[in-house]
Amino acid sequence: MSSPFVMLLLLIFFGTTLSAVLSAYREDDRRAILRGTLRRSALFCGAVLGIALGAYLVSTQILLPSA
Amino acid sequence: MAEEQPAQDRLGKTIFLSLLVPGLGHFLAGRRAQGIAWFLLCQALLFGGFYLAGNTQKDFGQPFALFGTTICYLLAPEMGNFLGSQVAAALLQSVEVGGQYPEALPLRHVGYAMSGASGVLAFFAAAHAAGTVLAARRRAAGQPVSLHPGCAALATLLLPGLGHRLQGRHFKAGLYAGSILLLFLVGMSLGDFADFNRQRHPYYWIGQMCLGVPGWIAAVLSPLARFERVMPYQDAGLLFTTAAGMFNVIAALDAWQRVEGDWERKPESASESESAGAEARA
């Protein structure tokens, strides 16, 4: 079965790769690319985790409170 | 400004004709040998692929009709080689129509990889033709051309990051190559190296094929592997491998636009231009 820890690792890995490619596309300077990668990966992972948390709360508190 | 408009029209025409028939744009640009080579390569891959797969590529596409009239046959990524794919779709019949299973064709996955590669290559042929036109225009203005944007984009198809390496952008080359290939490798491992299969995931397969040569090799080899166990992160693996293909398209676009950017930045003399390029790459 899938584990939340592995899923978190996969999210961070995918977020970092996505951010690296996007930053490399947007910038041409090494420092700017590295800074952009960090900022964008944190933003991406934060947004996904935020949406996941929101979905979890809606599911457990509103849709299926007794489950 | 008045001179720029015909030049832009010519560029647009080159791209349009190349997308219609790979190699036609090169012809228009006066590169006849290259045009013939592109045409033969793309059509040989397309029709060779159809032959090896018993024309079962047609089972993954569908006709597009307007007011009851069939306009074209939608088949990705073969549609990149537009006219070739339409001729193949009109003339050839899938062996499945005759009651034969595709599983009876041992080389069908090689055929899928070939015809898919033909479509992706045809898109890059258009980019290469456009780069040829831009380079010719630049040479006519007496400015040096060491690498044109189309070559840089095409090199990315050979290996992610190669287009940037040819420009001297070593950091970006390493970053693109490392991140895209690692993403692809991790994705493949999550699917037990068996999840690059057109018959199982025809839509993901389109994205996976955009990875270029490493992806095409995987497309041939992967169907030989079998699932030995339940894969808990198989969906993530599919997402990763498909995203890797899409990221490679971004890398190719970047390779193209960086060369153009260097050209715009570069001053008149060759020595000055070298130093301007080095500054951008630092």
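The values are calculated or read from the model by the stated rules, or taken from the named source; none is laboratory data. Note that the structure is predicted; figures quoted are calculated from it, not measured. Positions of Cβ are backbone-derived with ideal geometry, glycine not excepted, and every protein chain shown enters the neighbour counts. Ligands, DNA and RNA are stripped out before the accessible areas are found, and what is left, the full protein with its side chains, is counted by its heavy atoms. Shrake-Rupley method; radii C 1.70, N 1.55, O 1.52, S 1.80 Å.
For this structure, a couple of remarks:
- Within the range A:3-67, the ratio Rg/Rh, alpha carbon atoms throughout and Rh by Kirkwood, equals 1.19.
- The solvent-accessible area of B:GLU96, taken with every protein chain present and a 1.4 Å probe, is close to 80 Å².
- Semi-axis lengths (Å, descending) of the ellipsoid that matches the C-alpha gyration tensor of the range B:122-218: 32, 16, 6
- Relative contact order for chain B, counting Cα pairs under 8 Å that sit 6 or more residues apart, in percent: 17 percent
- Label-to-label distance for B:GLN100 and B:VAL220 is 2.2 nm, based on points extended 7 Å past Cα in the beta-carbon direction.
- Rounded to the nearest 20, the Cβ-based charge dipole of the protein assembly as shown about its Cα centre (Lys and Arg +1, Asp and Glu -1) stands at 340 debye.
- In this label model, B:GLU228 and B:ARG265 are separated by 5.0 nm, measuring between points 7 Å along each Cα→Cβ vector.
- For chain B, built as a Gaussian network whose Cα springs stay under 10 Å, the top-fluctuating residue of B:THR69, B:THR241, B:THR156: B:THR69
- Rounded, prolate or oblate (a/c below 1.5 giving rounded, otherwise prolate when a/b exceeds b/c) for the range B:18-99 by Cα gyration tensor: oblate
- Per residue, the average separation of C-alpha pairs within less than 8 Å and at least 6 apart gives chain A a relative contact order of 27 percent.
- For the residues of B:78-84, the average number of beta carbons from a partner chain within 10 Å of their own beta carbon is 0.
- Quotient of Cα Rg and 2.2 N^0.38 Å for the range B:142-188, N being how many residues it contains: 1.31
- Per-residue mean of foreign Cβ neighbours for B:255-263 is 1 (Cβ atoms of other chains, 10 Å radius).
- Separation in nanometres of the label points that stand 7 Å from Cα toward Cβ, at A:GLN61 and B:LYS13: 6.4 nm
- Shape category assigned to chain B from the gyration tensor of Cα positions, a/c cut at 1.5: oblate
- Entry note, the protein assembly as shown: the mean residue ellipticity at 222 nm calculated from DSSP H runs of n ≥ 4, each adding -39500 (n - 2.57), is -22500 deg cm²/dmol after division by the residues and rounding to the nearest 500.
- In this view, the solvent-accessible surface of B:MET209, computed with a 1.4 Å probe and all protein chains in place, comes to about 0 Å².
- Across the range A:22-27, rounded Karplus estimates of 3J(HN,Hα) from the backbone phi angles (6.51 cos²θ - 1.76 cosθ + 1.60, θ = phi - 60°) give 5, 5, 5, 6, 7, 10 Hz, Gly and Pro being marked x.
- Taking all protein chains as they are arranged and a probe of 1.4 Å, the heavy atoms of B:ILE36 leave approximately 90 Å² accessible to solvent.
- Per-residue shielding of B:183-196, expressed as the average number of other chain Cβ atoms within 10 Å of the residue Cβ, stands at 1.
- Listed residue (B:LEU185, B:ALA113, B:GLY163) projecting farthest to the positive dipole end of the range B:74-200, Cβ model: B:GLY163
- Size of charge dipole - chain B - debye, nearest 20, with Cβ of Lys, Arg +1 and Asp, Glu -1, no other charges: 380 debye
- Cα gyration tensor, the protein assembly as shown - rounded (a/c under 1.5), prolate or oblate: oblate
- Evaluated at q = 0.14, 0.20, 0.22 Å⁻¹, the base-10 log of the normalised Debye intensity for the range B:1-144, with identical point scatterers placed on the Cα atoms, takes the values -0.69, -1.08, -1.21.
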